[in-house]
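The values are calculated or read from the model by the stated rules, or taken from the named source; none is laboratory data. In this text, all values refer to a predicted model and were calculated from it rather than measured experimentally. Glycine gets a Cβ as well: all are built from the backbone with ideal geometry, and neighbour counts include every protein chain shown. The accessibility values were calculated without ligands, DNA or RNA, using every heavy atom of the protein model including side chains. Shrake-Rupley method; radii C 1.70, N 1.55, O 1.52, S 1.80 Å.
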Amino acid sequence: MEQKSSKSWRYFFKELIYANKGSSFGSSFLILVLSIVTIIKTKVIEKLIDATSAFLWDDMMKQLIVLIAIVVVNIVINYWKIKLSTYFGASSSNYMKNSICYKVLHSRYEDISAENRGDILKTINNDVETVSNFLSNDMTTLLSQFVLFFVVLGYLFFENPIIGLVTFSYTPIGMYITYQINKRMGAYYPKIAQAEGNATGALEQVISQIAVVKSFKMNERRLNKVKERYMDVQGFGFAISKYNGMMQTACSMVYAVPHIVFYIFAGWLVLHNHLTLGAMVSIDQLLDYVLGPTVFFPFILDGLNYTKAAISRIQDFSKRLTLEEDSQIELMEGSEVAVELKEVSFVFGDKKIFKNFSLNVDKNSITVISGRSGKGKTTLFDLISGIYQPNKGEINVKGKVFNMTQDTYIFTGSVMDNVRIVKPDASDEEVLDALEKACASEFCKCLAEGYNTQIGDGNGELSGGQKQRIGLARVFLSDAQILLLDEPTSSLDEETEQKIIEQFNLMSKHKIIFISTHRDSLFKLADRRVEL
Amino acid sequence: MITRIISLMENKKGSFFLAVTCFCMLEVLTSAFLPFCIKGITNGALQLDSQKVTMSVLAYTGVFLTWWIVSPLCQILIDRNRYHTMRKFKCSMSEHLVKLPISYFDNTPTGEIISKVTGDMSCLESMIQDNLQNVIRKLLGGIVGLIIMIIMDYRFALIVLVLGSISIYITKYFTERMEEKSRNLLEQQANTSIDFMEMIKACKSIRLLTCQNQKQKVIADAAEKEKKIRIENGNINAKMNSIILAIDIIVYLILLFVGCLFVYHSWANWGSIVALISMKSNTDMLFSEFPVEYGKYKNSMAGVKRLFALYDLKEEENITREYLTAEEGTRLALKLQDVSFSYDGSVSVLQDFNMKAEKNKLTLIEGESGKGKSTIIKLILGLYKVSDGQILFNQDCSDVAYVPQEAQLYRDTIYENISCGNENATKEEVYLAAKLAGVDEFVKGLEEGYDTLLNDDGDKLSGGQKQRISLARALVKKSDILLLDEVTSALDKDNTDKLLETIEHLKQYCSIIFITHDRSIERISDEVIML
């Protein structure tokens, strides 16, 4: 447990603070200056009151001018402190989101596909927010508290070490008690965060499959999972509340006990003429100054605990993802295009999908991969396109590959955007041509805004066949020399399928095409057939 | 709005306000009583009166003892209220979400919904935990402080009131702008969520299309916008704070000099002036701290409003079913009569469509993709309401089960994914359905069998395997009507044959409507309808 938390703090300091050196160090420096300025301000106000109460106008004017100068400095420093710490929080949030995005995009597929979507989104929304809010607000308060405490302590020990020692004798005990309570309390925050993440994950799945949930009327059953997690959150929260209550008293004691001890001790000293009244009042004010904000400690510690839990979650999420080197086989001019699998073995989960499997295609042709469902047709394509790496053997692919998946993912954007994504510098004519070849032109023209209609998540539903045809348009637009087509016509009717088959035949003259299917109509196309 | 938030607390309302009031009272007690104790200590020390000093120290300790005993209780009450209220609301929100019409889900990206349930929800949580409490405490504490000040010296209090009102007015200007920025930030965060969601959902496609850099840029732009709004908000906050600081010191100085003037003209003595100035820290709660807390309250309110807007969306209407006549009920399971439908009101998907499905027969619906086949199923299921025409069910057998085109499984065990089709299903029934659907065959080969945990959307299995589980889920419902949407598209020949066999067998128990473009199914169908 200890190792985990120390690792998360290392992440915290290293990445976030150094990534935003200017604002983090800047705001910390200003906090230091501000603490000193505030102490000077108190002193000057003291002198001003003394001068005013004695009607010493000249003295008063002097102190007033000094005070105004200090106040102006105070305001300016405070202004910049807030600006810098806000900037720090904002930059950190930016940095964290970009870094999470990078990890999601560049991690191994098997790692990211196993993640709980709703959980990740909760991390991005809540945990990142918690950390950046802490950096903007609470951290500065915490820092300034620490600084103030040590500055005043130093001053006090310098002026009157005995009083200092006696007054703050309780402080280590108080700090220890606070720390212990916080430790016990702190154990619950990661649990709360995890339960919330799981609840969000379950809810996301309900929303993603809402049609099925409604039609089977499984609302209650599916929501039970969500509600159970929310109940867990409440349970942990109630446990935390016990400690939070104790914390109120503990923090209050950190404030009050030194005061009480001071009044007893200093009072005795004054009564026995070992200390002047003025000095007692002055030290009392300083005490108040330093210990006053301890009243906020419960809130700050609460924020700190949430932040620690949030950082742990962000960190754990990162740890679960292994980054892969982007394996994109470069287009080598003039060299042969070929796909070669040598003695490839691959285990998926706990099933051996391939064992010493070999395949070699180096001529423009159509190779049909057939086999029973689950035998590995899709997995073969995943291996060739680099989504997975084989456990044994090697895969040599020379040339650019494009893999058309069984289910086409429609991105949020226009129809044109969705096709163009495979070749970003394609012209409009090329895109429209590809759509035409894929027999998608007709339905696109009938859409509300034609080819510029927004499709994808949240923009209405396309039918299975329509989605597949957009996927096929991507195939026709792609300039890859090797095409992997996974059940490319499964949602199309016979007439449309025929037209597509014609296109495949045309393409086979200058591309290496693999088609995985179990349909007779496509078997006929095969120059070569591989049964898995 | 506030009353609505408070009503969320239901029966814990009372204890919440009791706790907050106690906190207020305690704070007022300490801030009003403590100066007297301290005065007693200083005067006692001055007059070398050890008894006075002792009494004052005891009083001081007494005040704190009260705080040490009462505040934990109050804090526990407040905390429990927050966790309890949030749980109830989150549960109601989930229930409400599921009841929203499916058109809402068609037109709203999932990422946006999740953003509301997480991001905006935390605004509500902050509201209940901190904002309400702090606003009330500062307000009450400040007002009580002001009242005490009025009692002590109304002239002084008047000055403080006037200056304080100016302070509130100025702060209001800033907090309004901050609320607007908060709203912008929440909107932008929802957009960022949408982008992230797509990145995660499309992780495979993105890798295959190698458009990672493009997608990274999308997020970079979104995150940059968030950063900008935050910084703008911070600037406003910095300005507001500076002005509050400035006003604070100006007020202090004015009070000091007015006090000095009073003493000079013998209208008051220094002792009371010092006491009055120390009361300023109380009235500060009203004039300096309350506006800041109110600003934070407004920031949270921006999120709460969005959340409530979602909560207030109309739930789907229950579509009352219409039934066939007795005569027709002997032959038919289902009839669509002159049905017209359009998703968005402009493009008509179905026009005067007619169809009859006979009892215990297999009815095939064929047609080009996109012509509305899936739509018919969705209308039968009652997910959408027909624009025109009627769907007539059979009085005696109107239960419907659905096998969608895309399997739509979820993150749970295979067993759960099947048994969720029927909450009353026994284990045997689940296994039987699995066998009929051909699930048994591949589950046997999995290490954890039916307890195998699937990933989001059921990923981990092949398309054909997912489709078979989806079929088993429908079969376990043992409904009167079975709707199959392109179920053989991902199945190989063997499994297709097996399925057709199963369908033949099922005909005795239910009526089947099969949507497909696979002409080979025609041979086992009793009726073919072309779109």
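Report the FRET efficiency, 1/(1 + (r/R0)^6), for A:T171 and A:D288, where r is their Cβ-Cβ distance and R0 is 22 Å, rounded to 0.05. Here the calculated transfer efficiency is 0.90.
In summary, the lysines within cross-link reach of B:K52, defined as a Cα separation below 24 angstrom excluding same-chain residues under 8 places away, comprise B:K39. Between amide H atoms placed 1.01 Å from N, distances below 5 Å from B:S340 occur with B:D352, B:F353, B:S387, B:D388, B:G389, all of them 5 or more places distant or on a separate chain. Scanning residues 5 or more positions from A:I353 or on other chains, those with amide H under 5 Å from its amide H are A:F346, A:V347, A:F348, with H placed 1.01 Å from N in the peptide plane. Scanning chain B for long hydrophobic helices, with DSSP H runs required to stretch 24 angstrom or more by C-alpha along their axis and to average at least -0.5 on the Kyte-Doolittle scale, returns B:13-46, B:50-98, B:132-152, B:154-201, B:212-264, B:290-311. With the biggest extent put first, the Cα atoms of the protein assembly as shown measure 112, 76, 50 Å across the principal axes. Distance between the 7 Å Cα→Cβ label points at B:D497 and A:D428: 5.3 nm.
The Stokes-Einstein estimate for the range B:307-438, based on a Kirkwood radius over Cα pairs and taken at 20 °C with 1.002 mPa s viscosity, is a diffusion coefficient of 123 µm²/s.
3J(HN,Hα) along the range A:309-324, derived from phi through the Karplus expression 6.51 cos²θ - 1.76 cosθ + 1.60 where θ = phi - 60°, amounts to 4, 5, 4, 4, 5, 4, 5, 4, 4, 4, 5, 5, 9, 9, 6, 10 Hz, with x in place of Gly and Pro. Mean residue ellipticity, 222 nm, helices only, chain A: the sum of -39500 (n - 2.57) across DSSP H runs of n ≥ 4, divided by residue count and rounded to 500, is -21000 deg cm²/dmol. Value of Rg to Rh for the range A:415-480, rounded to two decimals, is 0.93; Kirkwood radius and Rg both from alpha-carbon coordinates. Reported value for the range B:124-182: 58 Å³ per residue, from the convex hull of its C-alpha atoms. Here, the range A:224-316 is characterised by an Rg to Rh ratio of 1.27, where Rg is the alpha-carbon radius of gyration and Rh the Kirkwood radius. Within the range A:15-70, the proportion of C-alpha pairs whose separation exceeds 12 Å stands at 69%.
When only the Cβ of Lys, Arg, Asp and Glu is charged (+1, +1, -1, -1), the dipole of the range B:78-207 relative to its Cα centre reaches about 300 debye. Length available on full extension from B:E315 to B:S342: 0.36 nm per residue minus the Cα-Cα distance, which gives 7.7 nm. For the interface of chains A and B, what total accessible area is buried with a 1.4 Å probe, rounded to the nearest 100 Å²? Summed over both sides, the interface buries about 13700 Å².
The C-alpha atoms of chain A define a longest principal axis, and helix A:2-11 lies at about 80 degrees to it. Legend: P(r) of the range B:9-108 from all alpha carbon pair distances, 5 Å bins from 0, whole percents, reading 2, 12, 14, 11, 10, 9, 8, 7, 6, 5, 4, 3, 3, 2, 2, 1, 0.
With the cut-off at 20 Å, tell me which of the pairs A:K214/B:K305; A:K308/B:K296; B:K335/B:K385 have Cα atoms farther apart than that. In this structure, A:K214/B:K305; A:K308/B:K296 lie more than 20 Å apart at Cα. Over the range B:179-303, what portion of Cα pair distances is larger than 17 Å, expressed as a whole percent? So the portion of pairs separated by more than 17 Å is 71 percent. Its residues counted as N, the range B:55-131 yields a C-alpha radius of gyration over 2.2 N^0.38 Å of 1.84. Taking 18 Å as the cut-off, the amide N atoms of the range B:1-18 that come nearer than this to a point 7 Å along the Cα-to-beta-carbon line of B:S92 belong to B:1-17. If the cut-off is a Cα-Cα distance under 19 Å, which aspartates and glutamates reach A:K191, setting aside same-chain residues fewer than 8 apart in sequence? Hits, sequence-local ones excluded: A:E2, A:E115, A:D119, A:D127, A:E129, A:E228, A:D232, A:D302, A:D316, B:D79, B:E125. Placing R0 at 51 angstrom, the Cβ-Cβ distance between B:I166 and A:R108 gives a FRET efficiency of 0.25 after rounding to 0.05. Taking only the Cα atoms of the range B:388-438, the ratio Rg/Rh comes out at 1.08, with Rh defined as the Kirkwood radius.
Counting Cβ atoms of other protein chains within 10 Å of each Cβ in A:198-208 and taking the mean gives 6. The amide H of A:S414, built 1.01 Å from its N in the peptide plane, has A:I455 as neighbours under 5 Å, considering only residues 5 or more places off or on other chains. So what does the Cα-only Debye profile of the range A:337-394 read at q = 0.13, 0.18, 0.20, 0.26 Å⁻¹, as log10 I(q)/I(0), no solvent term? With no solvent term, the Cα-only Debye profile gives -0.32, -0.61, -0.76, -1.23. A Förster radius of 45 Å, combined with the Cβ-Cβ distance separating B:I231 from B:W68, puts the computed FRET efficiency at roughly 0.60. Computed from label points 7 Å out along Cα-Cβ, the spacing between A:T276 and A:K363 is 10.8 nm. For the range A:388-532, the calculated P(r) over all alpha carbon pairs, in 10 Å bins from 0 to the bin holding the longest distance, is 11, 42, 33, 13, 2, 0 percent. Toward the positive end of the charge dipole of the protein assembly as shown, with +1 on the Cβ of Lys and Arg and -1 on the Cβ of Asp and Glu, the farthest Cα among A:V131, A:I410, B:P72 is that of B:P72.
Taking a ≥ b ≥ c as the square roots of the eigenvalues of the Cα gyration tensor, the range A:98-243 is prolate, since a/c reaches 1.5 or more and a/b is larger than b/c. With the contact rule set at Cα under 8 Å and sequence spacing of 6 or more, what percent relative contact order holds for chain A? Computed value for chain A: 14 percent relative contact order. Looking at the calculated P(r) for the range B:26-76, what percent of the C-alpha pair distances fall above 13 Å? Value for the range B:26-76: 57 percent of Cα pairs lie more than 13 Å apart.
The angle between the Cα long axis of helix A:57-106 and the main principal axis of chain A comes to about 20°, on a 0 to 90 degree scale.
Over 27 Å apart at the Cα level, from the set B:K116/B:K228; A:K242/B:K99; B:K444/B:K498; A:K83/B:K298, are A:K242/B:K99. In angstrom, the C-alpha Rg and Dmax of the range B:469-524 are 10.7, 28. Whole-Hz Karplus values for the range B:408-424 come out as 6, 9, 9, 6, 6, 6, 4, 4, 4, 4, 7, 6, 5, x, 8, 5, 9 Hz, taken residue by residue from phi with 6.51 cos²θ - 1.76 cosθ + 1.60 and θ = phi - 60°; glycine and proline positions read x.
The label-point distance for A:R221 and A:I68, in a model that sets each label 7 Å from Cα toward Cβ, rounds to 7.8 nm.
Mean silhouette area of the range B:261-313, derived from the convex hull of its C-alpha atoms and averaged over all directions, reads 5.0 nm². Just so you know, the averaged projected area of the alpha carbon convex hull for chain A sits at 35.6 nm². Among the GluC sites (Glu not before Pro) in the range A:439-532, those placed in a DSSP loop whose Cβ has at most 14 other Cβ atoms within 10 Å are A:E449. With the convex hull constructed from alpha-carbon coordinates only, chain B shows a mean projected area of 35.5 nm² over all directions.
Checked against a 25 Å cut-off, the cross-linked pairs A:K103/A:K225; A:K225/B:K201; A:K363/B:K215; A:K467/B:K373 give Cα-Cα distances beyond that limit for A:K103/A:K225; A:K363/B:K215. Think of a 1.4 Å ball rolled over the protein heavy atoms: chain B then has 41 Å² of accessible area per residue.
Under the shape rule built on the C-alpha gyration tensor, where the axes satisfy a ≥ b ≥ c, the range A:286-436 is prolate, since a/c reaches at least 1.5 and a/b is greater than b/c. Accessible area of the protein assembly as shown with a 1.4 Å probe: how many percent of it is carbon plus sulfur? Carbon and sulfur together cover 56 percent of it. Report summary: the helix-based calculation at 222 nm, which adds -39500 (n - 2.57) for every DSSP H run with n ≥ 4 and divides by the residues of chain B, gives -21500 deg cm²/dmol.
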